[in-house]
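The values are calculated or read from the model by the stated rules, or taken from the named source; none is laboratory data. Predicted, not measured: the structure shown is a model, and the values here were computed from it. All Cβ positions, glycine included, derive from the backbone under ideal geometry; neighbour counts span all protein chains shown.
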């Protein structure tokens, strides 16, 4: 149970003032982008240990995103589950293959999701 809530616990401990679940999701998306940029830097520097560390951080956030999906909200939850699982697969491949292009692919998807999420939250306010 602890591992499944690692990302959530990390963010809530570091950001006590989080006001809403919407903000938490945004922070998780941003975290994945930051972690992947660090992993990419580690690949470029040839630092296998750091690469693995940062990719594992991104994996933990994706695992939490999957964990908190509410399937009662319709098809979008099923779509996101599939998308998140695919991103996890890309991260595993990036780590095994030492491939920064896989990280770039994940980052492109996450940037799109982050932008859509921000628009959705803005429209809801």
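For the range 38-50, the criterion of being surrounded by 15 or more Cβ atoms within 10 Å (Cβ to Cβ), at pLDDT 95 or above, within 14 Å of the chain's Cα centre (by Cα) and part of a helix (DSSP H, G or I) is satisfied by at least one residue.
If you filter the range 67-79 down to residues that are in a loop (DSSP other than H, G, I, E, B) and touching a helix residue (DSSP H, G or I) at 6+ places or on another chain (Cβ under 8 Å), you find that the one that is surrounded by the fewest Cβ atoms within 10 Å (Cβ to Cβ) is 70. Can you find even one residue in the range 105-112 that is touching a helix residue (DSSP H, G or I) at 6+ places or on another chain (Cβ under 7 Å), closer than 17 Å to residue 22 by Cβ, surrounded by 14 or more Cβ atoms within 10 Å (Cβ to Cβ) and at pLDDT 95 or above? Looking through the range 105-112, at least one residue is touching a helix residue (DSSP H, G or I) at 6+ places or on another chain (Cβ under 7 Å), closer than 17 Å to residue 22 by Cβ, surrounded by 14 or more Cβ atoms within 10 Å (Cβ to Cβ) and at pLDDT 95 or above.
Scanning the range 80-96 for residues that are under 14 Å from residue 65 (Cβ atoms) and touching a helix residue (DSSP H, G or I) at 6+ places or on another chain (Cβ under 9 Å) yields a count of 9. For first residues located in the range 96-112 and farther than 23 Å from residue 48 by Cα, partners that are modelled with pLDDT of 95 or more and lie 6+ apart or on another chain with Cβ distances below 6 Å form the pairs 110/29; 110/32; 110/33. The residue pairs whose first member lies in the range 66-91 and is farther than 20 Å from residue 24 by Cβ, whose second member is at pLDDT 95 or above, and whose beta carbons are closer than 6 Å, counting only pairs six or more residues apart or on different chains, are 90/102; 90/105; 90/106; 91/55; 91/58; 91/59.
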